[in-house]
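**Q** Encoded as structure tokens, here's the structure I'll be asking about.
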Amino acid sequence: MKKRGEILCIIVILRGTKMEIDNWQTMILIFEVVCRIFKKQGEENMERFIRKLFGLTFSALLAVVMLFSSVTVFAEEYDSKYPSENVNIAKTRAEMFLNSVGKPALLEEGILLKNLNGEYEAVSFSMPENGYIIVNIKDLTIPELSFENSNPYDNVKNPIYNGVLSYYSKVGEEFVSLKDNSSVRIEQFENVYSKEEIADKEESIRTLENTLKNQLRHVNIERYINGSLKTWYISGGHCGSIASAICMRYYYDYVSTNYVPSGSIGQNALIALMQQYVGSGGTTYSNLDNGLDNYFNARNVNNSANAITSFSFSRVKTQINRSRPIIIGTTNHPTFGDHWIIGHGYFTSPVDGNYVIVNNGWGNNNVWIEPSTTYLDGTIHFTN
């Protein structure tokens, strides 16, 4: 990952000197001191200082200067005020989870995430090549992960996490969405994602380890619909028509070509068509329910939509087992309100709990989200 590459560059620079750097904290401390002096001394004085202290060349100095802003982010990630052992425990928890689900991975350095109140709340770890997993550092729960999509917090300054699919960066007094760059002030949020701190995290890890040892033969179930969903997305708050279009294209691809007119199978054309039935902009359960039923009647296909304004993991499992995508509403989400995502798989384990595997409505499939969140408040499912 980029941060690891940057740190390696610093190591190369410092190892070119005659100094012995035997641990990361010493190296980072030296580099921070150098950067602070740079800000006070100016470039010419700084060059003489570094030549005298480290024997670095001018090109190495430039490398240090170019890395200054990114190291500021690294320093925030591992703030000396925050216990590093908590990050290590969170990493252990993440790796235990990945091992338990049969997808072990060597995780990158974590990115500490604050909540809206400025408290450290979670840490996001990147997997090699692609994938990420977010662990709450207060209670060691895992609200979301993906084995395919990149870490949403890569190269983000002042990262803020407000729960499932809610990614921000704090700029001044505002929170900037990492999805659409919109700015929100804290009073505009309905809820703040914040968990209760458990007393003994190490004991919690030991308990989980013993549980895993005692259930070596526990059965994890991971299921998907028999086909893939399109990863369509257009900006402008059209998630209802996007979710509907993705589902109709799925039925067109895997059930019957009668579900979509031949001239409307592409992203923009099918989303525009669905907007005629379910509306554009903010769409309600009633909009989707009635609009999809009207669409099925117009296409003369044997199907109907059923809206239920309460969430049920069992209902999701039933639909997935029948190879039907299921639209999930997040009307109570503190950030994006009435957003729509699409369930296309699930995972369940007696040890690691339940996860819904979704298309997140922003162009990504295979995002695992923990379904006990109060943000999931209903579904639109299909009868055929």
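**Q** To the nearest 0.05, what FRET efficiency results for residue 212 and residue 181 with a Förster distance of 30 Å applied to their C-beta separation?
**A** Working: r = 42 Å, r/R0 = 1.39.
Once the sixth-power term is evaluated, E becomes 0.10.
**Q** How big, in percent, is the set of alpha carbon pairs in the range 239-356 lying more than 21 Å apart? Working shown, then result.
**A** Details: 2660 of 6903 pairs.
The calculated P(r) of the range 239-356 puts 39 percent of pairs beyond 21 Å.
**Q** So for the pair residue 195, residue 290, with labels modelled 7 Å out along Cα→Cβ, what separation do we get in nm?
**A** About 4.1 nm separates the two model spin labels.
**Q** Based on other C-beta atoms within 10 Å, arrange 84, 235, 264 from fewest to most. Present the calculation step by step, with values, prior to reporting the outcome.
**A** Numbers: 84 12, 235 8, 264 17.
Ascending number of Cβ neighbours within 10 Å: 235, 84, 264.
**Q** Taking all pairs of distinct Cα atoms, average 1/r, flip it, and tell me the Kirkwood hydrodynamic radius of the range 84-214 in Å to one decimal place.
**A** 15.3
**Q** Quick check: pseudo-label points 7 Å beyond the Cα along Cα→Cβ at residue 351 and residue 188, how many nm apart are they?
**A** 4.4
**Q** Taking 0.36 nm per residue of sequence separation and subtracting the Cα-Cα distance, how much length would be gained by fully extending the chain between residue 130 and residue 85, in nm to one decimal?
**A** The residue 130-residue 85 span can extend by a further 13.7 nm.
**Q** A further question follows. Can you give me the long-range amide H partners of residue 326? Hydrogens built in the peptide plane at 1.01 Å from N, cutoff under 5 Å, separation of 5 or more residues or another chain.
**A** 343
**Q** Same structure, new question: Sort 124, 183 so that the residue with the fewest other Cβ atoms within 10 Å of its own Cβ comes first and the one with the most comes last. Please list the in-between numbers first.
**A** On the way: 124 26, 183 13.
Ordered from fewest to most neighbouring Cβ atoms within 10 Å, 124, 183 come out as 183, 124.
**Q** Can you put 256, 280 in order of Cβ neighbours within 10 angstrom, beginning with the fewest?
**A** Lowest count first: 256, 280.
**Q** So, in Å, what gap is there between the alpha-carbon centers of the range 141-200 and the range 120-134?
**A** If we compute the Cα centre of each part, the gap is 13 Å.
No value in this document is a laboratory result; all are computed from the given coordinates. Small disclaimer: the values here were computed from a predicted structure and weren't measured. As a convention, Cβ positions derive from the backbone with ideal geometry for all residues, glycine included, and neighbour counts pool all protein chains shown.
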